[in-house]
Amino acid sequence: MAALIRATVCSGNPHKLEEFHELYPDWELELLAGVSFPPEDGVTYYENALIKARYGRLVGPRDRWMLGDDSGIEVAALGGGPGVQTARWAEGRHVEKLLAALDGEADRRAQYVCELVCIAPDRRELRGTGVLRGTVADAPAGGEGFGFDPVFVPDGERLTVAELGEAWKAEHSHRALAARALRDVI
């Protein structure tokens with residue numbers, strides 16, 4: 001049986017490919033390999049996802065959908081930051097930097113945001129957005145996930161995303177919510 005969608009994930013990150021395999025098990029997915037991506041200089045997650053997907057459409061296989069994504073965390077006590085600058089701000093030390101920035105802060109509300117853009121072979125541009133609201137814990141807990149997952153407690157939960165695990169994340173994360181929204185418009 002043929003895959004519903006043949007898509008290229010516009011990233012060089014194999015972890016993202018694995019995550020998209022979980023989100024779209026009926027799609028045929030591959031990474032856009034061997035290219036140098038343009039800078040993510042958009043002012044919104046949507047603009048950055050669009051930059052990746054449009055670049056994929058320019059250099060990637062013509063018969064495949066191009067899937068671009070961007071995501072980040074927005075923290076109330078940091079004025080909504082780091083936002084679209086999350087990866088650069090965190091410098092690979094996501095948990096340590098966030099906990100240091102929130103030291104002594106009472107307001108620990110935060111949200112994960114994800115934008116997905118998929119460009120069809122006929123150049124139609126479709127998008128899906130996902131937001132997961134929660135709070136930042138005082139200390140890390142859990143062994144699954146990555147990034148801020150050890151300190152992010154989703155609204156309605158008592159455990160961090162890293163404690164809730166990959167199966168929970170595949171259903172409820174900001175990326176899972178964006179993936180469902182995108183599937184609904186394809």
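The values are calculated or read from the model by the stated rules, or taken from the named source; none is laboratory data. Model, not experiment: these values are computed from the prediction. No Cβ is skipped: glycine too gets one built from the backbone with ideal geometry, and neighbour counts run over all protein chains shown. Just the protein is used for accessible areas: all its heavy atoms, side chains included, with ligands, DNA and RNA removed. Shrake-Rupley method; radii C 1.70, N 1.55, O 1.52, S 1.80 Å.
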Test Ala100 against the criterion of being of a type in the set (A, V, I, L, M, F, W, C), touching a strand residue (DSSP E or B) at 6+ places or on another chain (Cβ under 6 Å) and more than 30 Å from Gly56 (Cα to Cα), and give yes or no. no
Which one of Arg6, Arg57 is among the charged types (D, E, K, R), surrounded by 19 or more Cβ atoms within 10 Å (Cβ to Cβ) and under 23 Å from Asp184 (Cβ atoms)? Arg57
Against the definition (without any contact (Cβ under 8 Å) to a residue 12 or more places away in the chain and under 15 Å from the mean Cα position of the chain (by Cα)), how does Arg127 come out, yes or no? no
Segment 123-147 - residue that is crowded, with 18+ Cβ neighbours inside 10 Å and modelled with pLDDT under 95 and, of those, farthest from Gly92 (Cα to Cα): Gly145
Of the listed residues (Glu47, Glu19, Glu96, Glu74), the one being surrounded by 19 or more Cβ atoms within 10 Å (Cβ to Cβ) and in a helix (DSSP H, G or I) is Glu19
Taking the condition closer than 29 Å to Trp168 by Cβ, open to solvent by less than 80 Å² (accessible area, probe 1.4 Å), modelled with pLDDT under 90 and of a type in the set (S, T, N, Q), does Asn13 pass? yes
Looking at Gly42, is it assigned to a loop (DSSP other than H, G, I, E, B), out of contact with any Lys or Arg (no Cβ under 8 Å at 6 or more places or on another chain) and open to solvent by less than 40 Å² (accessible area, probe 1.4 Å)? yes
Among all residue pairs at least 6 apart or on different chains, which show Cβ distances below 9 Å where the first residue, located in segment 171-186, is more than 22 Å from Phe146 (Cβ to Cβ) and the second is of a type outside the set (Phe, Trp, Tyr) and assigned to a helix (DSSP H, G or I)? Arg183/Leu23
Just wondering, is there one or more residues in segment 7-15 that are closer than 21 Å to Ala137 by Cβ and assigned to a strand (DSSP E or B)? no
Let me spell it out: the conditions are (1) on the phi > 0 side of the Ramachandran plot; (2) open to solvent by 50 Å² or more (accessible area, probe 1.4 Å); (3) of a type outside the set (Val, Ile, Thr), and Gly83 meets all of them except one. Which number is the exception? (2)
